[in-house]
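*Asks:* Got a structure for you, written out below as structure tokens; questions coming shortly.
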Amino acid sequence: MLRPLSSLFTALVNRRRQKLRRYRVISRDIPVPVVIVGNISVGGTGKTPLVIALIEHLREAGYTPGVISRGYGARADAYPFAVRADTPAEQGGDEPCLIVRRTGVPLYIDPDRVSAAKALLAAHPCDVLISDDGLQHYALPRDIELAVIDGARGLGNGRCLPEGPLREPPERLACVDWVVINGAASPEGLPDLKRTPVLMQLEPGVLWKLQGDARVAAGEWQGSRQVHAVAGIGHPARFFDTLRALGFDPVEHPFPDHAGYTPEQLTFDDPLPVIMTEKDAVKCQDSAPEDTWVLPVEARLDPAFIDTFLNQLAECSAQMMDNHNGSKVT
């Protein structure tokens, strides 16, 4: 019954993208390379851990990265808005706040990503921008596109909204520079890609207490192994499975992606410890019980991919420098 609507959605998406490219609505008025980290699926796929990993690799290579984002769910007073380490998640968005608190990177949010990029570059001497999401924001120029896929959920039924989970048809993946698969599984339904997909593994880090300075590795945990597990992310089951792999017995409390929390939602009938995702923690500083712990994750990528990615970025930077010096004409 939903297929006619899905077909119409797909046609409109393709037409819009082709129109923007045909009439060159995508203007090249951002003077540094732009790296898009996005997806074609509704719901979380692991973009934020990948953005954090890229920031770290870029810094190690001598770059000064900045990040722009829509800031999903944010209620800023005005846009563009600079997200800082002390910005409340309600104002800056949970994912932007997480990225800034983890990395200290300059980050601006604005539904208009071009506006966010210009504001960031006017205030910070960055030489590369990462767009957290924005694969479908075609007004934003882009030099490298990475599309993240959840290896467990794949592309669903391969259909666009509302019949399926996709914001663009699977063929869109053939146009991106890199497809990054979160998890070991290789999903079905992928088109012919430019390159072999990159595998990304999310590895759990050291648990830290939300209220206080305590830190403990999962193997050295002295408390109850049965815990309340809170996850308001795109795929909560992945977090619960990670806890089981670490030897915990989670009482599962899945919430919608980007969910806000009240103290009542995090108050349980027993004194078991609470473990939540880092994305949830940025929203729960004042509402979580005292015995609440946070489990961060780190994105692990093939070093060969990082080397190739950095080489591609260096070529983009060199070409843009030549263009600015007038030695090339675009």
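The values are calculated or read from the model by the stated rules, or taken from the named source; none is laboratory data. Predicted model, so just to flag it, every value in this text is computed and none were measured. Heads up, the Cβs are rebuilt from the backbone with ideal geometry, glycines too, and the neighbour counts pull from every protein chain shown. These accessible areas exclude ligands, DNA and RNA; they are computed on the full protein's heavy atoms, side chains included. Shrake-Rupley method; radii C 1.70, N 1.55, O 1.52, S 1.80 Å.
*Asks:* When DSSP beta bridges are limited to those with both residues in the chain, what percentage is antiparallel, rounded to the nearest 5?
*Replies:* 25 percent
*Asks:* Running a GNM on the chain with Cα contacts under 10 Å, which residue among P125, P65, P169 ends up with the highest mean-square fluctuation?
*Replies:* Residue with maximal mean-square fluctuation among P125, P65, P169: P125.
*Asks:* Using only Cα atoms and rounding to the nearest 10 degrees, what angle (0 to 90) does helix 303-325 make with the longest principal axis of the chain?
*Replies:* For helix 303-325, the angle is close to 40 degrees.
*Asks:* Taking a temperature of 37 °C and a viscosity of 0.692 mPa s, what whole-number D in µm²/s does Stokes-Einstein yield for region 197-330 with Rh from Kirkwood over alpha carbon pairs?
*Replies:* The calculation lands on 190 µm²/s.
*Asks:* L190 accessible area, nearest 10 Å², 1.4 Å probe?
*Replies:* 50 Å²
*Asks:* Using alpha-carbon pairs under 8 Å, 6+ residues apart, how would you state the relative contact order of region 192-309 in percent?
*Replies:* Once divided by the residue count of region 192-309, the mean separation gives 37 percent.
*Asks:* Two decimals is fine: what's Rg over Rh for region 104-175, C-alpha atoms, Kirkwood radius as Rh?
*Replies:* 1.05
*Asks:* Next question, about the same structure. Can you tell me the dipole magnitude for region 173-258 around its Cα centre, using point charges on the Cβ only (Lys, Arg +1; Asp, Glu -1), in Debye to the nearest 20?
*Replies:* 140 debye
*Asks:* Among V206, V148, V32, determine the one that fluctuates most according to a GNM of the chain built with springs between C-alpha atoms less than 10 Å apart.
*Replies:* Looking only at V206, V148, V32, the largest GNM fluctuation is found for V206.
*Asks:* Which three numbers, in whole Å and largest first, are the semi-axes of the equivalent ellipsoid of region 71-211 derived from its Cα gyration tensor as √(5λ)?
*Replies:* Here the semi-axes work out to 29, 20, 15 Å.
*Asks:* Give the separation of the Cα centroids, region 29-93 to region 200-252, in Å.
*Replies:* So the two Cα centres are separated by 25 Å.
*Asks:* Per the helix-only calculation at 222 nm, which mean residue ellipticity applies to the chain, given -39500 (n - 2.57) for every DSSP H run of n ≥ 4 and division by its residues, nearest 500 deg cm²/dmol?
*Replies:* -9000 deg cm²/dmol, from helical runs alone.
*Asks:* Same structure, new question: In 10 Å bins starting at zero, report the fraction of Cα pairs in region 227-285 per bin as a rounded %.
*Replies:* The calculated distribution, bin by bin, is 24, 58, 18.
*Asks:* Given a 1.4 angstrom probe, what's the average accessible area per residue across the chain, in square angstrom?
*Replies:* About 47 Å² of surface per residue is accessible.
*Asks:* For region 150-263, state the semi-axes of the equivalent ellipsoid (square roots of 5 times the eigenvalues of the alpha-carbon gyration tensor), sorted largest first and rounded to whole angstrom.
*Replies:* Three semi-axes, in Å: 34, 17, 12.
*Asks:* In Å and whole numbers, how far do the C-alpha atoms of region 28-73 stretch along each principal axis, longest first?
*Replies:* Extents along the principal axes, in whole Å: 33, 27, 19.
*Asks:* Could you give the length gained on full extension between V216 and Q265, defined as 0.36 nm per residue of separation minus the Cα-Cα distance, in nm?
*Replies:* Taking 0.36 nm per residue and subtracting the Cα distance, the gain is 15.1 nm.
*Asks:* Next question. If you build the Cα gyration tensor of the chain and take the root of 5 times each eigenvalue, what three semi-axes come out, in whole angstrom, biggest first?
*Replies:* The equivalent ellipsoid of the chain has semi-axes of 34, 23, 19 Å.
*Asks:* Would you mind checking the tilt of helix 47-60 against the longest principal axis of the Cα atoms of the chain, expressed as 0 to 90 degrees and rounded to 10?
*Replies:* Value to nearest ten degrees: 70.
*Asks:* So, one more: Enter the angle in degrees (range 0 to 90, nearest 10) between the Cα long axis of helix 94-103 and the first principal axis of the Cα atoms of the chain, meaning the one along which they spread out most.
*Replies:* In the chain, helix 94-103 runs at an angle near 90 degrees to the longest axis.
*Asks:* Give the longest segment of the chain that steers clear of chymotrypsin sites (Phe, Trp or Tyr not before Pro) in DSSP loops with at most 13 neighbouring Cβ atoms within 10 Å, not counting the sites themselves.
*Replies:* Excluding the exposed sites themselves, the longest stretch runs over 24-267.
*Asks:* Could you check which residue among I149, I130, I306 shows the biggest mean-square fluctuation in a GNM of the chain with a 10 Å Cα cutoff?
*Replies:* So, out of I149, I130, I306, the one fluctuating most is I306.
*Asks:* Here's another thing I want to ask about it. Pop out the carbon and sulfur fraction of the accessible area of region 163-218 as a percent, whole number, probe 1.4 Å.
*Replies:* Using a 1.4 Å probe with all protein chains present, region 163-218 comes out at 49 percent carbon and sulfur.
*Asks:* Roll a 1.4 Å probe over the protein heavy atoms and report the accessible area of E264 in Å², nearest 10.
*Replies:* 130 Å²
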